[in-house]
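Worksheet: one structure, shown below.
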Amino acid sequence: MRVDQISTNDALVRSLRDLLAEAESEVLIATQPKMLERIEDSLKQCYESGTFIALCVYADAETAATYDYDDTATLVRAWDQELDTMLSVDHQRGVVGQLLEADEEEDVVGLEYDTERLYGMAFLQFMSQHWDEGEEVYVMDPPTLPYECVNLRDAALNTTLHLREDNTVGFDAEVRSAPAEEDEEWERLTGQLSTVRQSFVEPSTNSFFGEIGLVGYVEDEGRVTMGGHGAYFEDYEARNIVLEPMS
């Protein structure tokens, strides 16, 4: 567990840039337009690497919609609040802080952490306040299939977008029975996806807060449910998910 204080505006921006550069699969970020403009190039590089990015802009929807998100984020919502910038990366690391104005003096402007416990708290706040209260501004176009997902959240989003367009979506994934022991072996599972449980795009289809899952049909088993890392309520924990076209 590591928590470090950030003492200057430049250090805060640098911490955000560094974490974005190191992100491998997922970024959740809420920030003001003035900070967005300072880190936009880092967000673009992160997005171009294939990272799932959910961005909440602290502005009204009209102001937030003036930015071009095609190369910057997967999803964007606007929430007209004056709050700290909050960045969470890869289920583990993050930064919280706010740029000081020229006439302000503070010993600490932010914190950088590397602990799963604080990430969990940040995720709950992001989804229950920032995302739930925000107004949808931008959603990426669904990718061409086959598509290799970076994680379950990415799979849930892109399955949702394809099902909305009445596309038939197949899947190929590594799975193990949930809840799984760390040393439990993975096996391959293929089938067709029929339903998604998520709250990242409207309308929400989850049955409880924070639920993210896939529902599909497999030839030998019939209906199956899949969750991500640490899945408990689903039939399987899934990883390395590939969405495939089906005729």
Completion exercise
When all Cα-Cα pair distances of the range 69-214 are considered, the percent exceeding 19 Å is 64 percent
Problem - Cα long-axis angle, helix 33-48 against the chain (0 to 90 degrees, to the nearest 10) - result: 40 degrees
Completion exercise
Longest principal axis of the chain (C-alpha) makes with the long axis of helix 9-22 (C-alpha) an angle, in degrees to the nearest 10, of 20 degrees
Handout entry: Rounded to whole Hz, the Karplus (6.51, -1.76, 1.60) HN-Hα couplings of the range 78-88, x for glycine and proline
Key = 10, 9, 7, 9, 10, 10, 5, 5, 10, 10, 10
Handout entry: Degrees between helix 116-125 axis and first principal axis of the chain (Cα, 0 to 90, nearest 10)
Key = 90 degrees
Problem - Farthest positive-ward along the chain dipole, Cα basis, beta-carbon charges - from 7, 191, 206 - result: 191
Handout entry: Spherically averaged projected area of the chain from its Cα convex hull (nm²)
Key = 13.8 nm²
Handout entry: Estimated distance in nm for a label pair at residue 211 and residue 5, the labels positioned 7 Å out from Cα along Cα-to-Cβ
Key = 4.4 nm
Problem - All-pairs alpha carbon distance profile, the range 2-139, 5 Å steps from 0, percent - result: 2, 11, 22, 24, 22, 13, 5, 1
Exercise for the section: Would you compute, for the Cα atoms of the range 31-85, the largest minus smallest coordinate along each principal axis and list the three values in descending order, in whole Å? Expected result: 30, 18, 16
Exercise for the section: Just subtract the alpha-carbon distance of residue 172 and residue 188 from 0.36 nm times their residue separation and send over the number in nm, one decimal. Expected result: 5.1 nm
Exercise for the section: May I ask for the distance between the Cα centers of the range 1-57 and the range 88-155, given as a whole number of Å? Expected result: 9 Å
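None of the figures in this text is laboratory data; all of them are computed from the coordinates on show. Here the structure is a predicted model, which means the values were calculated and not measured. Cβ: placed from backbone, ideal geometry, glycine included. Neighbour counts: every protein chain shown.
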